Each structure stands twice: as C-alpha cells, then as structure tokens.
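Presented below is the structure to which this report refers.
The values are calculated or read from the model by the stated rules, or taken from the named source; none is laboratory data. Because the structure is predicted, anything quoted here is derived from the model rather than measured. Cβ placement follows ideal geometry from the backbone for every residue including glycine, while neighbour counts extend to all protein chains displayed.
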Amino acid sequence: MSAPQSANVTVVEHPLVLHKLTHLRQKERSTSSFRSLLAEISMLLVYEATRHLPLVYESIETPLASMRAPVLDGSREAEVIAARRDWAAAAKMDPDGVADVFRAVLTMSRRGQR
C-alpha cells in the first residue's frame, strides 16, 4: 500500500496509525472517541516527525556496567518546536496545537531521562 512521497509529504504506514485511522473513520464513532483517537494519532505522528532529532551521549551507570548512552539534545528543543510552529503556520494548520503536541511528546521523553 505504498504511496508516492514528495519533499512536502510523508506517508506514514505504521500499523498503529493505520489501525487508529480505521477506527477514526467509522461513521458511528462518537465525538469524544473521535477526539481521543485524533490525539493518539497526533502523538504517533510526532514520533515519526521527530525521527531525526539530534542526540547527545552521556555516561550512565547500568546494573551491569558504565556506558555512553544517547539522550535527546535538550538544547535544541526550542528550535525544533519553533520550526514545527513555522511549518504548521505555512501549512495553514494550528501552530499552537502542533507546538503543544510536540512539547507533550518531548516532555514525555524527558521523564525517562530523570
């Protein structure tokens, strides 16, 4: 089910996204369920959109040994959110909504870093 891709479009064919889209499209879907599914899909799409976020490496202690492990480069977070806001505005989307979703995903990712 591959679709053509261009520089401005990314086709996401992840099974979880496709599954949730199917449920979202059902005509008997309630408004609250629709909104909930839309929020879940948004989060999944942010994971795809942040695939290339910059990482830095820090030393950590595991139960077995020390190691250098990747973590998100927090110094670039504001830059990433600003770029997504600009992209959303250019695409005639809600820049605040897009920024909120990105901020939520990045916040969730940091919880595991502490």
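Yes/no per residue for (1) in the same structural domain as residue 95 (by TED's automatic domain parsing); (2) hydroxyl-bearing (Ser, Thr, Tyr); (3) over 20 Å from the mean Cα position of the chain (by Cα):
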| site | (1), (2), (3) |
| --- | --- |
| 35 | no, no, no |
| 38 | no, no, no |
| 43 | no, no, no |
| 62 | yes, yes, yes |
| 68 | yes, no, yes |
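Please verify whether the range 59-78 includes one or more residues that are of a type in the set (D, E, K, R), within 27 Å of residue 107 (Cβ to Cβ) and loosely packed, with under 13 Cβ neighbours inside 10 Å.
yes
Being modelled with pLDDT of 90 or more and under 22 Å from residue 100 (Cβ atoms) is true for just one of 59, 36, 42. Which residue is that?
The match here is 36.
I'm trying to understand the selection: among the residues of the range 78-91, which are at pLDDT below 85 and in contact with a helix residue (DSSP H, G or I) (Cβ under 6 Å, 6 or more places away or on another chain)?
81, 84, 88
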